[in-house]
Ligand SMILES: [Zn+2]
């Protein structure tokens with residue numbers, strides 16, 4: 001499964017990503033947009049009918065024209081939106097769930113974003129085994145450098161924003177999905193994350209996770225960061 005966060009304006013080529021036929025054979029894929037931008041814009045795109053959910057800001061109209069931005073989605077609300085998506089419709093945000101009761105397990109999320117307001121969301125995912133992917137305007141070195149500086153600590157990938165078939169994102173995301181489909185790794189991703197920070201208190205658990213990381217190609221790959229400029 002796979003969460004997609006789109007920018008305010010996004011390329012229509014993205015449609016192809018939604019329609020990977022081989023993906024739907026392996027995964028039950030759902031597509032969600034969490035955007036600081038306005039709902040009205042996203043609803044008007046070709047992408048909208050393919051979305052499973054949309055969390056976005058709104059405009060207020062004065063009867064004649066758009067008057068002002070009604071509400072924006074804050075970085076905190078973006079995390080809430082992820083929690084809601086993962087827990088599933090109709091489940092209270094503050095209800096505790098067993099792993100098997102989640103609609104989408106957080107280690108099966110791919111989270112895309114490009115800006116400062118995505119940092120908390122990326123970090124939330126990173127700590128729980130999601131793939132947090134920062135994107136930047138292709139061939140723009142200035143934006144790439146800024147993205148690395150702003151988001152480098154919060155993501156596992158920084159990739160040029162080009163969703164066409166054969167593009168860098170296309171290749172990287174497919175590789176991640178295949179990794180997810182093939183792995184038999186059953187280590188808790190939050191333990192792996194905390195092991196990397198030397199934050200595990202119990203010596204037995206620390207050793208166990210360390211031993212697992214020596215043998216598990218999936219965890220090693222997932223932890224590794226890859227920033228690609230193009
Ligand atoms: Zn593992």
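The values are calculated or read from the model by the stated rules, or taken from the named source; none is laboratory data. All values derive from a computational prediction rather than experimental measurement. Heads up, the Cβs are rebuilt from the backbone with ideal geometry, glycines too, and the neighbour counts pull from every protein chain shown.
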All but one of (1) part of a strand (DSSP E or B); (2) modelled with pLDDT of 70 or more; (3) farther than 28 Å from residue 154 by Cα hold for residue 55; which doesn't? (3)
How many residues does the range 214-230 hold that are more than 12 Å from the ligand (Cβ to nearest atom) and either part of a helix (DSSP H, G or I) or loosely packed, with under 10 Cβ neighbours inside 10 Å (or both)? 1
Give the residue, chosen from 115, 129, 179, 166, that is within 16 Å of the ligand (Cβ to nearest atom) and surrounded by fewer than 19 Cβ atoms within 10 Å (Cβ to Cβ). 179
Of (1) in a loop (DSSP other than H, G, I, E, B); (2) closer than 26 Å to residue 161 by Cα, residue 103 satisfies all except one. Which? (2)
Quick one: residue 200 ticks every box in (1) in contact with a helix residue (DSSP H, G or I) (Cβ under 7 Å, 6 or more places away or on another chain); (2) part of a loop (DSSP other than H, G, I, E, B); (3) touching a residue at least 12 places away in the same chain (Cβ under 8 Å) bar one, so which box is it? (3)
Being loosely packed, with under 14 Cβ neighbours inside 10 Å, within 14 Å of the ligand (Cβ to nearest atom) and in a helix (DSSP H, G or I): is that true of residue 211 here? yes
Here's a check for you: in the range 60-95, which residue that is in contact with a strand residue (DSSP E or B) (Cβ under 6 Å, 6 or more places away or on another chain) and surrounded by 16 or more Cβ atoms within 10 Å (Cβ to Cβ) is modelled with the lowest pLDDT? 73
